[in-house]
Structure formats: structure tokens, C-alpha cells
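Below: the structure, in C-alpha cells.
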Amino acid sequence: MTVLEVLHSAPNCGSCPIRHNAVCARCETEELAALDAIKFYRSFEAGQTLIWAGDRMDFVASVVSGVATLTQVMEDGRTQTVGLLFPSDFVGRPGRDRAPYNVIATTDLLMCCFRKKPFEEMMARTPHIGQRLLEMTLDELDAAREWMLLLGRKTAREKIASLLAIVGRRDAALHLRKPQGKLVFDLPLTREAMADYLGLTLETVSRQISALKRDGVIELEGKRHVTVPDYNVLLEEAGDDADGGFFG
């Protein structure tokens, strides 16, 4: 695997931008110091493969910035995206030696990495890490079910609205806000990438984004800076409701 590996003069764990959402979210000061001592950073360029399915994994990691995709290649060569990784998402599984999916950087990506064996040893003596990892695993299960619904049952307009809602929700969580009312965020995906992930054509993605803009559901500055005037309206367009839907 070709990797652009760079040491960054990054802040310590206590001032990390994903501190309150990552696997270390429940850690106390001394536990953060122990994690800080065994971590290192890796940078990946957009389009670069971090991990190939079936590869032996000698590290686990949290996404600090950027977006990656989880993909699986079928026997006939077709590739299916099975999930997205956003800042604070965890890559790798303690106790599992091989990667189940390809992990590909969609944008430039910064990862906070831990060699797997030291991390597993620390996890065994630090219940806060295990508890948080369990929470994140259950969240990932919910996201997988959400992705199945998105790909299998939703219309093109609902797919686009759903993806925008996912990105808006994750951006709000990263900034310790609830996804409600007006949201403003930068879309990390090109329209070509959105088409690929959602099983749509580029023309359909552009047409549906234009329709959502025309109907006042979203506002755009350029192609990436998105304003959602009312998050609940976006949820309605996604086919979900604020009281009980997947995105509430």
C-alpha cells in the first residue's frame, strides 16, 4: 500500500477537533495522555486507498478530517459503496486481523492512528474506550440500515436530501450542536462522487440539487457551501420525520 505518511504538529488529545465524538470521548485526562503517547498521524491524498479488503491491519484509527468510503468489489468487478466515514469515525476492529472492505479517501484525509496491539492492551485496561467503541459500533449498525433504505427504497430526490441530511447532521455533531433549525456546512463530495455513491447519474444528481434549491429546501454558494434554512423540511424531503425518522 502506498501511503503518504506525515508527522503533524497536531494538538494533543485534549484539544483535538474530534475529541468529544471520537473513540476517546469518554477518556479522563490520564487516559488521554496514555493515548497521546501511542498515537501517530497519517495523511492520505484524495483517491488513495488506505486499506484493501482482506489486508492484514496492524493499526486502528479515527478520521480527524476529510471523508472516506467503504467499498466492496463484487465477483464481476462492479464496486458497491457500503458506507461513508466522516470525522470522528473509527476504522478497524480490535480483535479482527483482516479488513472486510476497501477504505478509500474521497477527499484529502487525516487519520489519528494507533498500532493495534498497544491499543487493544489499553482498551483492556481502560473501560471508557471499550464503552465508547460499543456506542460507535451500534451507531454504525444504525447507519448501515439507514444506507440500505437509502439505496433500496428512496427516490432520487429523497436520496439527495438524505445524503445532505447525513452530512449536515454529522457536521452539527462535530461542532457539538443539535441538527435543527438552520444548518450551514460544506459538502465534502463532488456531484460525481454523490452520483457514484447513490447509484444515480451525474445529470440526475445535478437536476435534483437544482430542484431542491429552486424549492427553497437548500441554498448554495458555489457547488459545495450549503445552507439548509430548516432542517426539518430537509428531513421531510428525505422521506424521514423529525420525531421518529432515521435522521431525527
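The values are calculated or read from the model by the stated rules, or taken from the named source; none is laboratory data. This structure is a prediction, so every number in the text was calculated from the model and none was measured. Ideal geometry is used to build each Cβ from the backbone, glycine not excepted, and the neighbour counts take in all protein chains shown. With ligands, DNA and RNA removed, areas are computed over all heavy atoms of the protein, side chains included. Shrake-Rupley method; radii C 1.70, N 1.55, O 1.52, S 1.80 Å.
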Cross-link reach from residue 223 to aspartates and glutamates, straight Cα distance under 13 Å and at least 8 residues apart if same chain, gives 186, 192
Given a Förster distance of 25 Å, the FRET efficiency implied by the Cβ-Cβ spacing of residue 72 and residue 108, rounded to the nearest 0.05, works out to 0.60
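Taking the Cβ of residue 156 as the center, what net charge do the other residues with Cβ under 11 Å away carry, scoring Lys and Arg +1 and Asp and Glu -1? Don't skip to the answer; put the middle values down first.
Numbers: positive: 154, 157, 159, 207; negative: 158, 203.
Overall, the nearby charge balance is +2.
With viscosity set to 1.002 mPa s at 20 °C, what whole-number translational diffusion coefficient in µm²/s follows for region 89-248 from Stokes-Einstein and a Kirkwood radius over Cα pairs?
The calculation lands on 123 µm²/s.
Roughly how many percent of the accessible protein surface of the chain is carbon and sulfur, given a 1.4 Å probe and a whole-percent answer?
Values: 6370 of 12680 Å².
With neighbouring chains kept in place, the figure for the chain is 50 percent.
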Distance in Å, no decimals, from the C-alpha centre of region 43-63 to the one of region 95-162 is 13
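Over region 39-142, calculate the relative contact order: mean separation of alpha carbon pairs under 8 Å at least 6 apart, over the residue count, as a percent. Please list the in-between numbers first.
Working: 208 pairs, mean separation 40.6, N = 104.
Across region 39-142, relative contact order equals 39 percent.
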Nearest 10, in degrees from 0 to 90: the angle of helix 202-214 to the longest Cα principal axis of the chain is 70
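Whenever you get a sec, line up 206, 15 from highest to lowest accessible area (probe 1.4 Å, protein heavy atoms).
Values: 206 35, 15 70 Å².
Sorted descending by solvent-accessible area, the residues read 15, 206.
Let me know the volume per residue of the alpha-carbon convex hull for region 4-114, in Å³.
On the way: hull volume 11.3 nm³, N = 111.
It is 102 Å³ per residue.
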Helix 116-125 sits off the longest principal axis of the Cα atoms of the chain, rounded to the nearest 10 on a 0 to 90 degree scale, by 80
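If I take every Cα pair under 8 Å that is 6 or more residues apart in the chain, average their sequence separation and divide by the length, what percent do I get for the relative contact order?
On the way: 429 pairs, mean separation 44.4, N = 248.
In percent, rounded to a whole number, it is 18.
Per residue, how big is the convex hull of region 155-238 when only Cα atoms are used? Give it in Å³. Each step should come with its number before you reach the end.
Numbers: hull volume 6.5 nm³, N = 84.
That works out to 78 Å³ per residue.
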